[in-house]
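Reading through the structure tokens given below for one structure.
Here, each number is a calculation from the coordinates, and none is a lab measurement. Note that the coordinates shown come from a computational prediction; the quantities given were computed from them, not determined experimentally. Cβ: placed from backbone, ideal geometry, glycine included. Neighbour counts: every protein chain shown.
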Amino acid sequence: MIQNRWPRVLFALALTLGITLSALAVQAASLLDVPLRPWTYFEPNRDWTYTAIEKLVTAGLVGPWVLNTKPMSRMEMARVVSVALRKIQEDEIGRFTRRTDLEPTLYELMEELAPELEALAVRTGKDEFAGQPWLSLQPLSRIQTRAFNLRRDARLENAQGLTLPRRYDGAVGFSSYMQISDFMSVYLHPEFQVEEHRHEGKLIEGYLKLKYNNIALRFGRESIWWGPGYHGAMLFSNNAPPLDQVRIATAEPIVLPGFLRALGPTRMELLMARVESNREFPNTLVGAWRVDVSPFPFLELGAARVVQFGGRGRPRLRVVDYPQVFVRSSDQAGSMFNTNQIYSLDGTLRLHDVDRVFPLSRDLALYAEMGVDDTCCKNVIWPLRPAYLVGLYLPNLFGRNDTELRVEWATTTSFSFTNSVYTTGYSFEGFPLAHYIGARGQDLYIRTAERILPSLQIGAEFDLAKVGPTTLTGLTLPREERKFAGMDITYQPSRALSMLLGYRYERIDNKDFVADQRATNHIVRFEATYSFPVLERGLYGRARRADALRAITPPPASRGEQAPDIDPDEVVSTQYARRLFQDTGTILTSPLHWNTRDWLTVAGVGLITGGLMVADHGIRNYIQKKRTDDTADVSQVFRPFGGFVPAALVAGIHVTGHAFELPRLKAASADALEASLITAGVFVTPLKFLTGRSRPDKEEGSAQYRPLHLGTSLPSFTTAHAFAVASALSEHFPHPAVSVLAYGLAGAVGLTRVHDDKHWTSDVFLAAVIGTAVGKAVVKLNEKRRESSRVSVVPLLGEGIQGAALQIEF
């Protein structure tokens, strides 16, 4: 049966036309791609510059931009940096001057991409191509040595098909490149691997890249990654060895003409690759396309499709048949169009400066991807058994640019990566080409990293996975259950030398898909990379670029010179009541000044609260069933932290601050008290009175409301009070330990209210958001008052002296 192909034909024509039009859109300079391999570390499975660029875009310094189609070229990354620098330089409202936390990231990228930034003539603030050596030659760019010690054989995920035998000693590899002007480059990355009884040399990556205007054509072997995921993807990742391929794509994102301009920056790729010969149909072909757009600075959307077809033993295709495999399909066993087709849809939402309502991070990225095996879906609205991937990225955990957190969940079905014709499945040399969990898999991955020094980073990761084979016969086998926890340390003693030391503990059940076969493993990993400076003798025709990277220092934010009429640290005075009324009015009228991001945040809080309201009854029943004497004892321990302890803590801090003249303690206690009063008097009590939601211990259900009654459930007074104090103290003492302790105890208070059957889960969540938002707002308001109070005018009177001096307290 041949499906209706006209929509696909039209889309294929539009894709081809779009890539053709892109030749007229931009002129790019550098051709080399940034590899999906950790040459200089700070990342376990890809180059660190991808994360650095993601931080800039997520923070709103650059956008809209597309990041979910990799690899990116070095020139494209340099263009992102140049846009960020120009935005900072032209910042008229001072928004970017407050993002000093991004300065180290920006400077590191400027140093790494200095040759490309020179070519972009950053000093002029324009993105035109300003000169490129007509010949660049680097016979030895980087050399890397790797050594492993492990108890038993292992296969590392997202490591370009790396298999580690028990006696794996190590490997030595290097990279080299040559570039002719801005239209041709050659890249080589061979590696020599040493084992106990075998030595092997192979080409990991190597390609020839040609470019005309903004069209790039690649021939060779290179890892690609399509999608927003960090630990996996639904179509292509660097889990398997790089494919031998021909790929045509836009060299950099373009803006399409006409009404398509609304799509924003757009990237398009077409790919044709071949897999190994040792399978049911040797040398099967893989064709794919992807379109990636960013219509808004905070949103990126992508769509892609893969077709597995051909191979020795399948019906022979004519030249005119190759384009049709992308738009036709058939269920007939002998048809050349009976292929394995997979497609994916993905989206990424990037929000910046959300710390006012989300205390864990200043910026965040939420992303999701759906993978679908195109099977029997002609007459259904929703695809059958789709696979999903969702993730959260916090680039500055607790407001610190040096700390980040990633949480990612993926699940696949029996349809994922399997096929009745190509029974080996969507794989290459035994590795899934997409997510490493294969068919019927699940994966929960958590990673955090802390840059202790500019040259030293510590990372930790944890993974729970169920892995299935991609072969059709493997669907009946038990899934392999993997659990691992690991740490890695990156140290860069000099710009040229980078080192990584890692350890991972693995526990595997049903190993090799054999029921009840268990194993544990200890993997120690040491790697070192030396990066050679650019060989000046290999640059011919290089233009002089004096002062191309001039320093850009944003102007400091202006401060008022008049002392405030309200002392922000004075709590026993008539001015304090005035301050409460003034700040309450400012907070209540703040929605008049909200932007799109703020409204989206509020909408997200509303959706989560509504979802929890729907689930409140089931959550309450589950918690009460699990309630024991032990949990009651734990709840009793944390119960005072919702009332007496925060009040006593604030009072103690205030008395200590005044007794020993410690301004920081006085400020923290004053703000915590104000946040608590505004939270209780302006938000929580009126909401309780207006909603009148019944408490769970009344046994009236979660949907019972009696408006205009006190003593009700929504929101939780105790939880809001705890989070208001916690957020105010965390703002004044911005150390991760303080934030974890403060918010952790406040969260424990909320859990106690649910455990004691005094509040629904949605009551606690909404109260936590209210308390946190008010606490942060109060600190911000008083911070401005304290800054201006350091500036005063002092009269100068004396013999022969009349005038005034400006006094600033530091």
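Observations, loosely collected:
- Put simply, the amide H of W225, placed in the peptide plane, has neighbours under 5 Å in K70, leaving out anything fewer than 5 places away on its chain.
- Long-range HN-HN contacts of R155 with modeled amide H, under 5 Å: L164
- Ranked by the mean number of other Cβ atoms within 10 Å of their residues, highest first, the peptides 112-119, 660-667, 204-211 come out as 112-119, 204-211, 660-667.
- The phi-based Karplus calculation (6.51 cos²θ - 1.76 cosθ + 1.60; θ = phi - 60°) puts the 3J(HN,Hα) values of region 267-274 at 10, 10, 9, 10, 9, 9, 9, 10 Hz, whole numbers, x for Gly and Pro.
- Overall dimensions of region 576-791 as given by Cα atoms, namely Rg and Dmax in Å: 18.0, 60
- Among G771, V725, P591 the positive-end extreme of the charge dipole of region 576-791 (Cβ point charges): P591
- Among the lysines of region 576-791, pairs at least eight places apart or on separate chains and with Cα atoms under 29 Å apart come to 16.
- ³J(HN,Hα) computed for each position of region 648-655 - Karplus, 6.51 cos²θ - 1.76 cosθ + 1.60, integer Hz, glycine/proline x: 5, 5, 5, 4, x, 5, 5, 5
- ³J(HN,Hα) computed for each position of region 526-534 - Karplus, 6.51 cos²θ - 1.76 cosθ + 1.60, integer Hz, glycine/proline x: 10, 9, 9, 10, 10, 9, 7, x, 4
- Amide hydrogen neighbours beyond the local backbone of R274, cut-off 5 Å, H modeled: D244, V286
- Each Lys and Arg adds +1 at its Cβ and each Asp and Glu adds -1 at its Cβ; summed about the Cα centre, region 6-535 shows a dipole of about 920 debye.
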